[in-house]
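*Asks:* Please read through the structure below; I'll follow up with questions.
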Amino acid sequence: MLLDVMTNHTHLFSDTETSFLGSFKSLSNDGQRLLVKIYTRKGPWFRLSSISYCEISDVEHAAMELKLAGYIDMFSGTDVPFEHDMKEILNVLSVPEMKEILKELPKDNTNCTRRHELLSTLLSMHNNGTCTVLPKRIFKWTGTCIRVSN
């Protein structure tokens with residue numbers, strides 16, 4: 001249906017939309033499927049290890065294809081996320097995982113029990129520069145994470 005609209009009704013699309021749809025068509029079937037799947041999921045960040053769809057034969061390969069094409073952002077242990085991304089990435093962690101990360105870090109007040117307290121503590125440690133190893137600690141628990149690019 002989309003192909004028919006693109007062929008017979010090109011006036012309905014802006015140049016940007018036409019370019020996007022053209023590059024989308026050049027992706028592999030797995031790449032197209034993965035992009036649609038993560039675009040429709042509640043996120044924004046997802047653990048690559050938790051993505052499993054029977055119709056996608058190699059999720060990691062499809063994710064790398066999407067990253068190289070600019071469709072997704074990827075967070076791995078070597079990356080330092082932007083400040084506005086750190087809160088989103090921290091939300092991928094469970095409460096027990098956040099507690100374990102706090103235990104590993106040099107911090108006096110690790111009595112936080114509520115999710116928002118844990119998030120706030122970790123985020124403030126990252127933002128004020130007292131915890132430069134936080135991205136590596138997060139990656140240790142989450143593995144590679146992906147999100148749809150803006």
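The values are calculated or read from the model by the stated rules, or taken from the named source; none is laboratory data. Here the structure is a predicted model, which is why all the values come from computation and not from measurement. Neighbour counts run over all protein chains shown; Cβ positions are idealised from the backbone, glycine included.
*Asks:* Could you check how many residues of the range 111-150 are loosely packed, with under 12 Cβ neighbours inside 10 Å and closer than 24 Å to E65 by Cα? Quick ask: steps written out before the conclusion?
*Replies:* Filtering the range 111-150 down to residues loosely packed, with under 12 Cβ neighbours inside 10 Å leaves 111, 113-114, 116, 124, 128-129, 132, 150.
Still in the running and closer than 24 Å to E65 by Cα: 150.
The total comes to 1.
*Asks:* Then there's this: List the pairs whose first member sits in the range 1-29 and is part of a loop (DSSP other than H, G, I, E, B), whose second member is not aliphatic (A, V, I, L, M), and whose Cβ atoms are under 8 Å apart, counting only residues at least 6 apart or on separate chains?
*Replies:* Short answer, once both residue conditions are applied: L27/E65; L27/Y71; S28/E65.
*Asks:* Return yes or no: is L90 surrounded by 15 or more Cβ atoms within 10 Å (Cβ to Cβ) and farther than 30 Å from L68 by Cβ?
*Replies:* Numbers: surrounded by 15 or more Cβ atoms within 10 Å (Cβ to Cβ): yes; farther than 30 Å from L68 by Cβ: no.
It is false that L90 is surrounded by 15 or more Cβ atoms within 10 Å (Cβ to Cβ) and farther than 30 Å from L68 by Cβ.
*Asks:* Considering only the range 103-150, how many residues are in a loop (DSSP other than H, G, I, E, B), of a type in the set (V, I, T) and within 15 Å of the chain's Cα centre (by Cα)? Let's see the steps before the verdict.
*Replies:* Step one: of the range 103-150, the residues in a loop (DSSP other than H, G, I, E, B) are 105-114, 128-133, 143-144, 149-150.
Then keep just the ones that are of a type in the set (V, I, T); that gives 110, 113, 130, 132-133, 144.
Retained after the next criterion (residues that are within 15 Å of the chain's Cα centre (by Cα)): 144.
Residues in the range 103-150 being in a loop (DSSP other than H, G, I, E, B), of a type in the set (V, I, T) and within 15 Å of the chain's Cα centre (by Cα): 1 in total.
*Asks:* Just for the range 89-102: of the residues that are outside any helix (DSSP H, G or I) and of a type outside the set (G, A, S), which one is nearest to R47 (Cα to Cα)?
*Replies:* First pass over the range 89-102, keeping only residues outside any helix (DSSP H, G or I): 91-94.
Next, from what is left, pick out any that are of a type outside the set (G, A, S): 91-93.
Values: N91: 11, V92: 7, L93: 9 Å.
Among them, the one singled out is V92.
*Asks:* So K67 ticks every box in (1) loosely packed, with under 12 Cβ neighbours inside 10 Å; (2) under 10 Å from R147 (Cα atoms) but one. Which box is left unticked?
*Replies:* Failing condition for K67: (1).
*Asks:* Take V92 and decide whether it is in contact (Cβ under 8 Å) with a residue 12 or more places away in the chain and not small (G, A, S).
*Replies:* yes
*Asks:* While we're looking at this one, here's another question. Could you check G43 against (1) under 24 Å from S94 (Cβ atoms); (2) at pLDDT 90 or above and say which number it fails?
*Replies:* For G43, the failing item is (2).
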